[in-house]
Every structure is written in structure tokens, then in C-alpha cells.
1. Specify the angular offset, from 0 to 90 degrees and rounded to the nearest 10, of the alpha carbon long axis of helix A:323-332 from the longest principal axis of the alpha carbons in chain A.
2. What is the ratio of the Cα radius of gyration of segment A:174-243 to 2.2 N^0.38 Å, where N is its residue count, to two decimals?
3. With r defined as the distance between the Cβ atoms of A:PHE248 and A:THR340 and R0 fixed at 30 Å, what FRET efficiency is calculated, to the nearest 0.05?
4. Please give the average number of partner chain Cβ atoms lying within 10 Å of the Cβ of each residue in A:201-210, rounded to a whole number.
5. Can you run phi through the Karplus equation (6.51, -1.76, 1.60; θ = phi - 60°) for segment A:181-186 and list ³J(HN,Hα) in whole Hz, with x for Gly and Pro?
6. Could you give the size of the charge dipole of chain A about its Cα centre, using +1 on the Cβ of each K and R and -1 on the Cβ of each D and E, expressed in debye and rounded to the nearest 20?
7. In whole angstrom, how long is each semi-axis of the equivalent ellipsoid of segment A:110-239, when you take the square root of 5 times every eigenvalue of its Cα gyration tensor and sort them from largest down?
8. Where the eigenvalues come from the Cα gyration tensor of the protein assembly as shown, what are the semi-axes √(5λ) of the equivalent ellipsoid, largest first, in whole Å?
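Nothing in this text is a laboratory measurement; each read-out follows from the coordinates by a stated rule. Predicted, not measured: the structure shown is a model, and the values here were computed from it. Counting neighbours? That spans all protein chains shown, and the Cβs are built from the backbone with ideal geometry, glycine included.
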Amino acid sequence: MFGRVSAMFVKELLQLQRDRITFATMIAIPLIQLLLFGFAINTEPRNLPTAVLMQEDSDLGRSILSGLRNTAYFDVRRVAHSEAEVDHMLKSGDVLFVVEIPAGFARAVRRGETPALLVIADASDPVATGSALGALETAVTMALLRDRGLPAVVEGTKLFEVLQHRRYNPEGSTQLNIVPGLLGTILTMTMLIFTALSVTREIERGTMESLLSMPIRPVEIMLGKIAPYVVVGFLQALLILVAGVFIFDVPVIGNIWLLALLTTLFITVNLSIGYTFSTLAGNQLQAIQMTFMFFLPNILLSGFMFPFAGMPRWAQWIGEALPVTHYLRIVRGILLKGATLSDLGIEALALFGLMLVAMTIAVTRFRQTLD
Amino acid sequence: MNGDVVIDVQGLTKSFDGRVVVRDLSMQVKRGQIYGFLGPNGSGKTTTIRMLCGLLTPDSGHGTCLGYDIITQSVLIKRRVGYMTQRFSLWQDLSIRENLEFVARVYGLDKAKERVRTAIERLGLKGREEQLAGNLSGGWKQRLALGACTLPEPELLLLDEPTAGVDPKARREFWTEIHHLAADGLTVLVSTHYMDEAERCHEIAYIAYGRLLAQGTVDEVVAAAHLTTWTVSGEDLNELSEQLEKLPGIDMVAPFGTSLHVSGRDAEKLNRAIEPFRKDKRWRWKPDEATLEDVFIDLMSHAEDNF
């Protein structure tokens, strides 16, 4: 029995050694991923994109602004002057925080009236905003004391009060964040697998030779192979969404048709990427490996499992290249925030761009001959 | 372009990973001909056929197929050529009808369903059209594959060992069909290992180790080889065969059933070599015509010498 097992063992080793790409992925990929994700993931996010809404122009206001700028938690990107501006920034996901300095704030602080400082947090991702909310009050108090020489705070009293407003998810329910995220990741996984095998399968079964000898162009083969799965993916999305609404009470605030349209786009992007892998891979095993290699950052760097804002800049750039990152903003935007196409235009364009890139690579990489 | 020449290529060369598979190959095939393409395994037959229909790009050389350039106009060639692959390459998980309908639609044929129905009847597949192609026996698969590549009414058929692994009856029917198609004006290039099939061709070409070694009608090829052949019958043929093989002037000794074929390119030398054996009472010597097989085996042994 040992002889037969070792015969099999040697044969498998020989075959493995022939398949260079598989061999390389086994060595290089775990290392790359360990380094990539080890440095990128941070569950206590810093540098959260923040806007300050200035309802008055006062010295205290400016102190607060610089105080926020000095903390690691907040990255003050915008100074807004109207509610409408702030709404758009939150809906499109440009900022996660808005600190509003109300009119008459400076005067009220000096009189010791403990006025309210309004903080609007995008709670559609509760993890991202939770810890930062706590840091806000300290940061602002420190800034005011240091800069303005205001009277020292008497024990038990405050200069101001922080009025929190958790927008889009007032109860901080993680499911409202996770379920739309799952829609994106589940679709990514299934769509990639559908098409990742489509070309390699034709090659392995020998039917590619027939196909290549027929008068059909690569782009026609690609579109014909992707199209049926767009319908399959759409039904899958519908199923997840219906389950999310009825089982997990996920709200649908925005336009459902816009969601349907952008979901179709997202499905097509993933199918195109899967198809691209299929044209690059030499066999079905390689195609599957590429799919998994691609899938992991889709979960870890897209803002699905860990807050996007908490990642270092380079990791965010990788995240921006992943379709699911943009789709998560779209789904959360439409379902939880009621975002419109004007809020999500950039995300939609990004998806469209990724689709074109994937399709172009696929068509140019498609081997039209058996050379 | 000469309207009667369907395939006209010069100097085709193709190598894979530094190994030359086809070397400086030139050939011409006339319209309406059945052109046999013969040669041992790995001699470059499949590679040549693939270059003709645009599936492979030659490293050097040029030529036309149906008047279109094989390098720059392969799209136009594909529309007018039916290519039957060596290994069955239709979709095993589609039915006969579904396979044929797919082909009809990719080629953009009008009245696709009707054409497919006629094709199924002509192929004698009526009643089994819903059967999956993967469940068909070798002979039926071959018939389906031929049906699929003739469906778009091509002007040229490229058949790569179409009868490998097919029983004699199916083989004969297949060749009858090929002759019908050729009679209708279709040109057929067919590669094969079988000598009886080679003799059914109007013209043949013999290729070994990437080189075209002989070309013409069967009679021309046999005559060009200048082989003198004797047939020996009697006892202890194995012993005789071993002794003869070593002698100068004898280029080939091959057993044929209960007799032996002994051939040489130089008749005088051959006769001198066999003279002592002719006196032996155990064997009966008879002058014979060289067969196509004698010629091919002889050609092949020489081609090897060149390497």
C-alpha cells in the first residue's frame, strides 16, 4: 500500500512542478497577502473624513477647526457653510463626520451657557465612527482651553455639550451595515466564479479549437458568455435584497430602480473581471486561484469588514481599484441614505471604467490562434 | 490568382519552443480535388492544416487559401472553410440539434432551423437529434462533426484524421460521402494514416518530420520513388528478413502476411544482393510492383536519416 501511495505522491509533485503559476502562487501569495493586509487593516480608524459646518465666523470656531485638524482621528477635508452642502457630502460618502458650530456658539461659551456643538456621524458604518465620537469632545475642549485661555473647567461643568446625531442608522445596528455589504461580496464571489471558468473550460475540453475555426470575434464570444449570467446575478441580488429587507429590516430609502441599474452594472463588472481571469489562466485551477486571490482584498480592503477610512492611503488606492468598494458606497448610499445618482455619480463612473478596463484586457488577451 | 487553385502556399515554416514542426512547406491543391495528406505521427500534418485555416500563424512563408491571404485574411477564410478537428471538438453537453443550430447561427446562415433539419436527415441522425453529442459512439460523433463542418456550405473542407478510431463500414460510408461532396465541387484536404484511404484520393502529399517528401497522384508518387520490389514466400521468413536487412542495396524489408516485401532503390544492387538467396529452395521469389506503403516506409526511413 505504501508503494502505491508514494507513487501517487511523486506523480502529484511532478504535475505540480509543471504548473509554474500554481507553484508560484503557493509561495508568493500568502506572503504578499500577509504583508498587505497586516499593514492595511486597522480596526480603530484614524483620519476619518470630516467636514465642519460653520454657522458663524468666530475665533472659537477657528480654534475648534484647528483643534480637530491636530487630532489623528479627524481629517478635516471641507468647511461647509450650508446644510445642503453637508447633506450631499454625507450621502455621497465624501465625509463620515460633520461638526456643526451653530450661530452664537462663541458668545454662549463665553457666557458659560454650555451651548450644544452638533455632531452628525454617518452611522451606516458604526465601527468606523464609534470610537471617534468619544475622542471628539476631548479634542475640542483641549483646543478651546489652550487657544483662548478660557476659564478652567470647574469640576462637573462643561464649556459646551456635544449633541450627537447618528444619521442613517440611529440605533447603530451592525446589520444595516453588514447586509448591504454582503450583497456586494456575495455577488462578487459568485459572478467571478461563473465566468472565470468559461474560457479555460472550452480550452480544456478541446472545444476552443472548434470555436476558433468559426467566424466569431473575441468580443462576440465574451459578450455572449457574460450575458446569461447578468440575468442570473440580477436574480441573486434580488433574492439577497428581499431577504435583507424582510429578515434583517434593512430600509430601502432611495430609488430602487437606480439600485437595480447600478447593481446590473456591478454584476457586469465582476463578470468581465472573471472573464479576464479566464483568458489569462492556463487551466481551470489557475482561474480559480486568481479568483480567490482577487476576492480576498475585495473583502478586506473594500470597507466591508474594516472601515475604509482607517486604512493607510496606499491601501485605500488599492481599495479604489476594486469594484466592490464603489458598490458598497452605492448600496449603503441608496438603501440607508437615500442617495441619488448625483450623489453617486463618481462611484458609477468608477464601476463603468473598471468594466471597460477588464473587457479591454480580456479581448486583447483572448488568444485567437492556438500559437 | 488562378481560379482553379484553392490552396497555394509557399515556404511555410512553424516551430514550437525552438523545435521545427513544419519546414519550408509548399503545396498546391486544385478545386474539386480530394487531396490526401499523409505522414507519420508528429510529422506536422495538423500544424499545416491549422496554418491553412488561420488557427496558427506561420513563422515564415506565405500563401493563399481560397484566394485569401492565410496570414492577414484568416477571418474571411474561416467563413468559407469547414475544419474538422482530429479530436471531437463539438460540445458534448449539447444535443446533436443544439450543436448544429449553434454552428448555423455563428455562421449567420439564413433559415437555420430548416438547414439543421435537412442536415440531420442527410446524416441519418433523424430520431436521435435530441441525444447529447457526448453520448454518441465514435462513428456517429465523426458523422456529426462532418455534418457540422459542411453545414455552412464551405468551399474547402480540411479534415484532420477524420477516420481515426472508426470502424471499416463507417469509414467506407464516410469516404463515399467525401466523394459525393467533391463531385459537387467541394475541395477536400484530408489527413490520414490509412493506405487504402490514400488510394481513394485524387492526389496525395507525403510529409515527414515537417518536410514535404512526395506529391502527386498515387501512381506518380509510386513511380517517382523508383523502388524495385520482390515478394518472397516460403519458410523461415524471419531468419531471411534478418539476413537481408543488413545487406547493401536492400533498403526495406517488410513482412506482409505470409510473405515478405523486399525493396531497393537501385535495381541492380538489389538483384545482386538477393542473388544467393534466390538459389535457396526454401523461398520462392517473385518480382512485384512497389505499393504505396512500401514507398512511404522507404521515404520515412530516409527522412529520419536526414536528421
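1. Helix A:323-332 sits roughly 50 degrees off the main axis of chain A.
2. Dividing the Cα radius of gyration by 2.2 N^0.38 Å gives 1.47.
3. After rounding, the FRET efficiency stands at 0.80.
4. Values: counts 0, 2, 0, 0, 7, 7, 9, 2, 8, 14.
Per residue, the average neighbour count from other chains is 5.
5. x, 4, 3, x, 6, 5
6. Working: 28 positive and 29 negative charges, 162 e Å.
Approximately 780 debye in magnitude.
7. 61, 15, 11
8. Listed largest to smallest, the semi-axes of the protein assembly as shown are 79, 27, 20 Å.
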